[in-house]
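Here is the structure we will look at.
The values are calculated or read from the model by the stated rules, or taken from the named source; none is laboratory data. On a predicted model such as this, the values are computed, not experimentally measured, just so you know. Backbone-built Cβ (ideal geometry, glycine too); neighbour counts: all protein chains shown.
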Amino acid sequence: MGGAISINKLRKKNKSKHTRTIQRYEKKTDDVKEPLKYYLANFMKDTDIMVLLHFLGRYLFQSIHNAPVEEILTNENCKVLDVGCGAGTWLLESATLYRSSSFLGIDLCTVYPAEIKPDNVEFMQVDVLNGLPFEDNTYDYVHQGNMVEVYTIEQWNFIISELIRVCKPGGYIEFTEPELAPKTGPILKRFYDALIELSESRNVRIRMYRNLIKILNSTQTVHNIESKVAIVPLGMKKGGNVGQTYLEVHDGFFLNDPMPETMSKIMNLSRQEYFDLFDEAKQEIEKGVAPDCEIYRIWCQKKI
Ligand SMILES: C[S@@+](CC[C@H](N)C(=O)[O-])C[C@H]1O[C@@H](n2cnc3c(N)ncnc32)[C@H](O)[C@@H]1O
């Protein structure tokens, strides 16, 4: 799959407080300059969307992390924490790649593997909103992915202070999140508007990119804040295989329970009308009237 995609770096912006890089992924059939490190797996339709999102991110960024931790993870006995680890996909891959480091995943739900896992990874059931049950300055690298729908804006402030607290001075903290596209076709826009309304009713901010950077800056305890944004045109017509893969994640997000139940109420639709309208949105996307979706990574270093 990966051979059909070429990566064009469109623009690079340097800002005073943090550095932001944007890459756009375009459907092309030629000129892959060098072999890619990671390719997209060819998934079955019903595969867990979070696992699919992990492999999509790995492909888009050609890495499972952007913080400059490669050397310490490879050569030192690093301690790594993944907060809200879910099924542990990121951790299991990290633990397999970096055998000399040790990894801990924490989550409220025990969806992670209990026994079949590399021996340098452990999991623990933790409600992170009660605070992280670790001493200050414990971890060399703290990672958190796809939690944008989980925390209210106040909880983000608390969680970030906790992530920084448990990170060692000089250690790194990294976030990876999707960002709802700014522009879309008129039918899909109805779903996006309803999602924003639903999120705001819970005091959850669905577009967190700027806020995350703002919160990190406001802590005064981290520096070297950097980010990278991957732009993926949604669907096969506009985005090729990558766009099609993102579409599967996107479908899962809007169609898996309990979203249809909750969203249809906000949109004043019956459950069936919700599914019918989503079909129309899919047709809109298939015609190429599709949003440019974004996945971003933000990383920073705890001050010494
Ligand atoms: C969208 S999933 C992301 C999982 C994983 N990080 C990934 O990228 O695949 C959100 C995760 O947050 C976990 N979660 C929600 N509230 C939590 C809490 N208060 N404490 C710990 N984990 C929580 C959920 O159980 C779920 O596994």
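Say we look at region 70-92 and pick out the residues that are surrounded by fewer than 17 Cβ atoms within 10 Å (Cβ to Cβ) and assigned to a helix (DSSP H, G or I); which of these is nearest to the ligand (Cβ to nearest atom)? Step through it out loud before you land on a result.
Going through region 70-92, the residues surrounded by fewer than 17 Cβ atoms within 10 Å (Cβ to Cβ) turn out to be 70-71, 74-77.
Checking which are assigned to a helix (DSSP H, G or I) leaves us with 70-71, 74-75.
Details: GLU70: 20, GLU71: 24, THR74: 23, ASN75: 26 Å.
The residue in question is GLU70.
Quick one: in region 54-66, of everything that is within 16 Å of the ligand (Cβ to nearest atom) and part of a loop (DSSP other than H, G, I, E, B), which residue is farthest from THR96 (Cα to Cα)? Explain how you work it out, then say what you get.
Going residue by residue through region 54-66, those that are within 16 Å of the ligand (Cβ to nearest atom) are 54-61, 63-66.
Right, trim to part of a loop (DSSP other than H, G, I, E, B) and you get 63-66.
On the way: SER63: 14, ILE64: 12, HIS65: 14, ASN66: 18 Å.
Here the answer is ASN66.
With the checklist (1) surrounded by fewer than 14 Cβ atoms within 10 Å (Cβ to Cβ); (2) of a type in the set (Val, Ile, Thr); (3) assigned to a helix (DSSP H, G or I); (4) within 15 Å of the ligand (Cβ to nearest atom) in hand, flag the one item VAL51 doesn't pass.
So VAL51 meets the others, but not (1).
Suppose the filter is away from the ligand (no atom under 15 Å from the Cβ) and buried (at least 18 other Cβ atoms within 10 Å of the Cβ); does ILE215 pass it? Before the answer, list the steps.
Numbers: away from the ligand (no atom under 15 Å from the Cβ): yes; buried (at least 18 other Cβ atoms within 10 Å of the Cβ): no.
No: the conditions fail for ILE215.
Output the number of residues of region 145-165 satisfying the condition of being of a type in the set (S, T, N, Q) and near the ligand (Cβ under 9 Å from one of its atoms).
Going through region 145-165, the residues of a type in the set (S, T, N, Q) turn out to be 146, 152, 155, 157, 161.
Among the residues that remain, those that are also near the ligand (Cβ under 9 Å from one of its atoms) are: 146, 155.
Total meeting the criteria: 2.
Counting just the residues of region 231-248 that are among the β-branched types (Val, Ile, Thr) and surrounded by 23 or more Cβ atoms within 10 Å (Cβ to Cβ), which one comes out farthest from TYR25 (Cα to Cα)?
THR245
Scan region 166-176 and give yes if some residue there is touching a Phe, Trp or Tyr at 6+ places or on another chain (Cβ under 9 Å), farther than 25 Å from GLY57 by Cα, at pLDDT 95 or above and within 16 Å of the ligand (Cβ to nearest atom), otherwise no.
Our first condition is that a residue be touching a Phe, Trp or Tyr at 6+ places or on another chain (Cβ under 9 Å); within region 166-176, this holds for 166-168, 171-176.
If we keep only those that are farther than 25 Å from GLY57 by Cα as well, we get 166, 168.
Filter once more, so that each one left must be at pLDDT 95 or above: 166, 168.
Still in the list and also within 16 Å of the ligand (Cβ to nearest atom): 166.
Yes: one or more hits.
How many residues does region 234-287 hold that are β-branched (Val, Ile, Thr) and under 28 Å from LEU60 (Cβ atoms)?
Keep residues of region 234-287 that are β-branched (Val, Ile, Thr), which gives 242, 245, 249, 262, 266, 285.
Going one step further and asking which of them are under 28 Å from LEU60 (Cβ atoms), we end up with 242, 245, 249, 285.
Residues that pass the stated criteria total 4.
Filter region 104-135 for residues that are farther than 24 Å from THR152 by Cβ, in contact with a Cys (Cβ under 9 Å, 6 or more places away or on another chain) and either more than 15 Å from the ligand (Cβ to nearest atom) or not in a loop (DSSP other than H, G, I, E, B) (or both) and give the result.
LEU104, PHE123
Cβ-Cβ distance below 7 Å, separation of 6 or more or different chains: which pairs start in region 144-163 with a residue that is touching a residue at least 40 places away in the same chain (Cβ under 8 Å) and over 18 Å from ILE295 (Cα atoms) and end on one that is of a type in the set (S, T, N, Q) and buried (at least 19 other Cβ atoms within 10 Å of the Cβ)?
What qualifies is LEU163/GLN144.
Any residue in region 233-244 that's assigned to a loop (DSSP other than H, G, I, E, B): show its pairings with residues that are buried (at least 21 other Cβ atoms within 10 Å of the Cβ) and among the β-branched types (Val, Ile, Thr) at Cβ separation under 8 Å, as long as the two are six or more apart or on different chains.
From region 233-244, the pairs are LEU234/ILE285; GLY235/ILE285.
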